[in-house]
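Notes for the one structure printed next.
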Amino acid sequence: MKKLFATIILLGSFATATTIISCNNQNDTKPVAVGSTISKDSMIKRGEYLVTIMGCDDCHSPKKLGPHGPEPDMDKRLSGHPADMPLGNFKQGDLKSWILFNQNLTAFVGPWGVSYAANLTSDDTGIGTWSEKQFMKALREGKYKGMDNSRPLLPPMPWPNFSKASDEDLKAIFSYLKSTKPVNNVVPAPIAPQTLASK
């Protein structure tokens with residue numbers, strides 16, 4: 001029993017000494033914030049990965065018909081609803097119980113009226129003039145163009161889900177979007193439900 005007790009004390013002393021030595025070691029590296037160590041290229045790649053897996057192309061990229069049906073048109077990737085694409089006809093009564101998507105999945109009709117997927121490319125008609133702060137506010141608070149006193153982002157934009165992303169992930173997404181090929185496309189303004197009702 002004395003030997004066991006002595007061994008426990010010896011092991012405890014060794015662990016304490018090791019801890020003290022490692023805490024006082026002048027060569028220990030200090031933790032560094034992730035944002036300051038990641039390269040711009042890595043940040044952009046991370047952002048592209050997130051944009052891809054989060055389904056941004058589903059609404060924000062015009063579609064073309066491929067071998068497996070509609071697929072994102074990568075020449076117009078993330079450019080939003082095409083300005084020259086009119087909406088089809090629909091019955092007002094359907095809006096009481098249905099939400100409609102156009103064939104391109106870039107325009108949406110529901111109780112909120114008509115909303116269009118925004119241009120997210122680096123063009124000035126997209127987010128080319130946005131600051132990172134605006135982008136963060138848009139996704140954290142659901143504000144159009146990330147501006148105070150602006151209208152809310154309209155359905156089906158799932159900004160409440162994206163608001164839970166980390167700052168690092170949102171910054172990576174913004175870095176990627178700012179690096180995209182600029183596509184000049186002025187997306188139409190939303191249409192209020194009362195305007196639809198008068199048609």
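For GLU168 and LYS91, what is the calculated FRET efficiency with R₀ set at 41 Å and r taken between the beta-carbons, to the nearest 0.05? Mind showing how you got there, number by number?
Values: r = 46 Å, r/R0 = 1.12.
After rounding, the FRET efficiency stands at 0.35.
Label zone (ILE99, point 7 Å along Cα-to-C-beta; backbone nitrogen cut-off 16 Å) within the range 107-134: 107-118. The distance between label points at THR129 and TYR49 comes to 3.4 nm (points 7 Å beyond Cα on the Cα→Cβ vector).
Contact order, relative form, for the range 55-158: 20 percent (alpha carbon pairs under 8 Å, 6 or more residues apart, mean separation divided by residue count). P(r) tail, the range 51-113: Cα-Cα pairs separated by more than 16 Å, 51% of all pairs.
When the alpha carbon gyration tensor of the range 105-197 is reduced to an equivalent ellipsoid, the three semi-axes, largest first, read 23, 16, 11 Å. Report note on the peptides 161-168, 182-189, 112-119, 44-51: ranked by the mean count of other C-beta atoms within 10 Å, highest first, their order is 112-119, 44-51, 182-189, 161-168. Cα centroids of the range 112-151 and the range 74-93: how far apart, whole angstrom? Between the Cα centre of the range 112-151 and that of the range 74-93, the gap is 18 Å.
Every number here is computed from the coordinates shown, using simple stated rules; none is lab data. It should be emphasised that the depicted structure is a prediction, and the values quoted were computed from it without experimental measurement. Positions of Cβ are generated from backbone atoms using ideal geometry, with glycine treated the same way; all protein chains shown enter the neighbour counts.
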